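Notes follow the structure.
The values are calculated or read from the model by the stated rules, or taken from the named source; none is laboratory data. Fair warning: this is a prediction, and the values are worked out from it, not measured in the lab. Quick reminder, even Gly has a Cβ in these numbers, built from the backbone with ideal geometry, and neighbours come from all protein chains shown. Ligands, DNA and RNA are stripped out before the accessible areas are found, and what is left, the full protein with its side chains, is counted by its heavy atoms. Shrake-Rupley method; radii C 1.70, N 1.55, O 1.52, S 1.80 Å.
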Amino acid sequence: MKVYLKIKRILLCVGLMLCVFDIKSINMEVYTALADMEELLETETVLISNLEGFIKVQQQKLDYLQNKLKEYQREHSDATVDRSSYISNPINAYLLTKRLTTDWRQVENLMTHDVGIDFLNNITNYRSILKFPSDEDLNGAAVALMRLQDTYQLDTSSVARGELNGIQYSTEMSSDDCFELGRQSYVNQDYYHTVLWMNEAMTRLLDEPRNQTQAFTRADILEYLAFSTYKQGNVESALTMTNELLHLIPNHDRATGNKVFYEKEIAKFKAEKRVKGDDGSDDTPLSDLPIQKTDPTVFDYSERKAYEMLCRGELKQSPSDLRPLRCRYVTNNVPFLKIGPLKLEEAFLAPYIVIYHDAIFDNEIELVKKMARPRFRRATVQNSITGELETANYRISKSSWLKTDEDPVIAKIVQRTADMTGLDMETAEELQVVNYGIGGHYEPHFDFARREEVRAFEGLNAGNRIATVLFYMSDVEQGGATVFTTIRIALWPKKGSAAFWYNLHKSGEGDFRTRHAACPVLTGSKWVSNKWIHEKNQEFRRSCALEPDHGEFAI
């Protein structure tokens, strides 16, 4: 929430100081990675300094003009007591002439001169140096807040008070902040959240002291609420709000037209509600047509429900599920590991998912972050039809790729990955480093390519993704779990640990049980890196089988 408010403040500050500055031309997508968001603090510091300077010189200008006004009023008051006597004094006549010539010319020049132009020019100069958010960033941040609200079932009033999932933070939202969230939802045609946040804006507007600089009015809120309520199917409530709006502004053009439209819709609904039957009073029956089934690989309602429950920690493994799971030290027949064995924790047996603890160390994490930051780009997904990489709203993060031979530390991490998995890294993809943004998430997906995705991994010539290793490079205060929606388990980020699982059965067929997702980050910053390992060169490291290996428990 703080990040959303910071974007909003920066956009407002720049808008106030430099209306001609086209913010949209700088689309950095800063909301997609919290690492980029940190730089906005520097931007805000510069803007605050410039705004303070701008206000200071403007205040000095106003103070001078205020003193001149008082001087003019005083002389004018004396003159009007006895005009003839005043003008007959040659000194007074001279001073009056002077006030209306050179004195007034000086005042007029100051009135027309923009004393804050230097500060406005500063903003233009900083445009190429500092990171500025765009209107798209503000919208993205607002959408992220809505995602968090839905996923973690956050009460609107609690969020506005600065309370996230029962934890109170210092930031509280004003009526203006709530109004802007509602407006952004309206722009996205998200009328459900528009109603929630416009109602909160109304509540806070009525409770707050009257603000002369308020950018919106009660009538503005009612207009958004009425139409959004209508779009949700409640025409009668929409009409009630429109009538209330017309009571405030009787000649409101849109409200006048909407009132007529809503009244016709209500009359039409009442006419259609009853079907002529034997007694003339039967209600119109609800449709009994079956709901069309969607592609099972698509994020459908039942999976979304499971996904959100897993993210909230409401779906947990039973004692009988946990009983066969074990923790142990392993060497995987690697001589070096006999000195320092790996710490393995089983998370699930079929498919076999394990967690390695102390798999990556703090100094390695800091180096990886340092190398990744300058290369961050918006994370992409592969279009299953075209094979092209593209951005998607269901994956909000930024990522970069690090080659094994770039640094000895990267090579060491890759070698450790080979030791953990027993797989060859020659055909594995580069180490991908990811930082999630505001409400950053990645909805349920497969790491492997399905049969119909014939253009997946085109050019690699290394086969399908046989396995995934996911390193957690930060703890996350709230949210950010990796959840498997089919088998109903959640892995919670723990700095230094790594998750490992096979994406393919021994037969080479995709294991659909490995469908997983990254839950939205509620508070904190989530850093991960992953190594996707491909089939080529694994022939003697993981033997193939003709039948799917649903009972496979061993790595």
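Report the extension gain between Ser85 and Lys495 in nm, rounded to one decimal, defined as 0.36 nm multiplied by the number of residues separating them, less their alpha carbon distance.
138.7 nm
Test of understanding: what is the full-extension gain from Asn125 to Ala215, defined as 0.36 nm times their sequence separation minus their Cα-Cα distance?
29.6 nm
Counting Lys and Arg as +1 and Asp and Glu as -1, what is the net charge of the other residues whose Cβ lies under 10 Å from the Cβ of Val330?
Charge balance near Val330 sits at +1.
Skipping prolines and chain starts, which residues have an amide H placed within reach, meaning under 5 Å, of the one on Leu460, given they are 5 or more residues away or on another chain?
HN-HN under 5 Å from Leu460: empty list.
Working out 0.36 nm times the residue gap between Ser320 and Phe512, then minus their Cα-Cα distance, what length gain in nm do you get to one decimal?
Fully extending the segment from Ser320 to Phe512 adds 66.8 nm.
FRET efficiency for Ser77 and Arg161, Cβ-Cβ distance as r, R0 = 51 Å, nearest 0.05?
After rounding to 0.05, the efficiency reads 0.45.
Within the P(r) computed for the range 93-159, what percentage of the Cα pairs occupies the region above 19 Å?
68
Could you give the nm distance between label points at Asp475 and Asp114, where each point is 7 Å from its Cα heading toward the beta carbon?
5.1
For the pair Glu52 and Ile249, what calculated FRET efficiency results from E = 1/(1 + (r/R0)^6), where r is the Cβ-Cβ distance and R0 = 45 Å, to the nearest 0.05?
It comes out at approximately 0.75.
Evaluate E = 1/(1 + (r/R0)^6) for Glu458 and Asn537, where r is the Cβ-Cβ distance and R0 equals 25 Å; express this FRET efficiency to the nearest 0.05.
0.85
Local charge sum around Gly257 (other residues, Cβ-Cβ under 14 Å, Lys/Arg +1, Asp/Glu -1)?
Cβ neighbours under 14 Å give a net charge of -1.
Taking H as built 1.01 Å from N, whose amide H comes closer than 5 Å to the amide H of Glu163, not counting residues under 5 places away?
Correct list: Tyr169.
Using mean Cβ contacts within 10 Å as the protection proxy, how do 216-223, 413-420 order, highest first?
Those peptides, ordered most packed to least, come out 413-420, 216-223.
Quick query: amide H of Ala467 versus all other amide H atoms, modeled in the peptide plane; which residues come in under 5 Å with a sequence gap of 5 or more or a different chain?
Under 5 Å from the amide H of Ala467: Asn503, Ile533.
What is the Cα centroid distance between the range 499-519 and the range 239-255, reported in whole angstrom?
Using only Cα atoms, the two centres lie 57 Å from each other.
At a 1.4 Å probe radius, carbon and sulfur cover how many percent of the accessible area of the range 415-555?
50
With charges only on Cβ, +1 for K and R and -1 for D and E, what is the dipole size of the range 86-130 about its Cα centre, in debye, rounded to 20?
It works out to roughly 100 debye.
Please state the shape class of the range 107-250: rounded when a/c is under 1.5, otherwise prolate if a/b exceeds b/c and oblate if not, all from the C-alpha gyration tensor.
It is oblate, given that a/c is not under 1.5 and a/b is not larger than b/c.
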